[in-house]
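**Student:** This structure is in structure tokens; I'll ask about it shortly.
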Amino acid sequence: MAKLYIIGDELTTTGLELAGVKNSYIADRKSAEETLSRVLAKSDEGDIIAISHDLFPVVEKKVKKSERIIVEIPDRTGAGEDAQTRSSPISPISTKLV
């Protein structure tokens with residue numbers, strides 16, 4: 001069964017942990033790339049990695065090189081709710097599922 005991994009700020013990850021997400025990682029703009037590398041190494045190919053809107057531009061090049069399912073989610077301010085996900089053609093579908 002696929003797992004969901006969240007990379008975001010403390011408030012976003014805490015809120016999603018309260019909703020039942022077990023694999024959440026707190027990151028800021030300085031640590032986002034390193035955190036994504038750790039999650040990519042730890043996760044399986046079918047897992048979904050969700051990155052908050054404020055961190056996504058920092059890791060976008062790495063996301064484009066990856067063959068994993070990586071989606072952008074709104075951050076704690078709600079920014080990114082209307083942003084079109086740039087990671088892959090199936091991301092808008094995945095975002096609706098998540």
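Read-outs throughout are calculated quantities, based only on the coordinates presented, and are distinct from any laboratory measurement. Computed from a predicted structure; not experimentally measured. Please note: Cβ atoms are built from the backbone with ideal geometry, for glycine as well, and neighbour counts cover all protein chains shown.
**Student:** Take segment 1-54 and flag every residue that is assigned to a helix (DSSP H, G or I), free of Cβ contacts under 8 Å to residues at least 60 places away in the same chain and out of contact with any strand residue (DSSP E or B) (no Cβ under 9 Å at 6 or more places or on another chain).
**Tutor:** Once the filter is applied, which keeps residues that are assigned to a helix (DSSP H, G or I), free of Cβ contacts under 8 Å to residues at least 60 places away in the same chain and out of contact with any strand residue (DSSP E or B) (no Cβ under 9 Å at 6 or more places or on another chain), segment 1-54 yields LEU18, GLU33, GLU34, SER37, ALA41.
**Student:** Do we find a residue being β-branched (Val, Ile, Thr) and over 11 Å from the mean Cα position of the chain (by Cα) anywhere in segment 40-52?
**Tutor:** Within segment 40-52, not a single residue is β-branched (Val, Ile, Thr) and over 11 Å from the mean Cα position of the chain (by Cα).
**Student:** Answer with yes or no whether LYS30 is on the phi < 0 side of the Ramachandran plot, basic (Lys, Arg) and more than 13 Å from the chain's Cα centre (by Cα).
**Tutor:** Here the answer is yes, as LYS30 does meet what is asked.
**Student:** Tally the residues that are of a type in the set (A, V, I, L, M, F, W, C), assigned to a loop (DSSP other than H, G, I, E, B) and under 12 Å from the mean Cα position of the chain (by Cα), restricting the search to segment 55-83.
**Tutor:** Count: 1.
**Student:** Within segment 55-64, work out how many residues are basic (Lys, Arg) and touching a residue at least 12 places away in the same chain (Cβ under 8 Å).
**Tutor:** Number of matching residues: 2.
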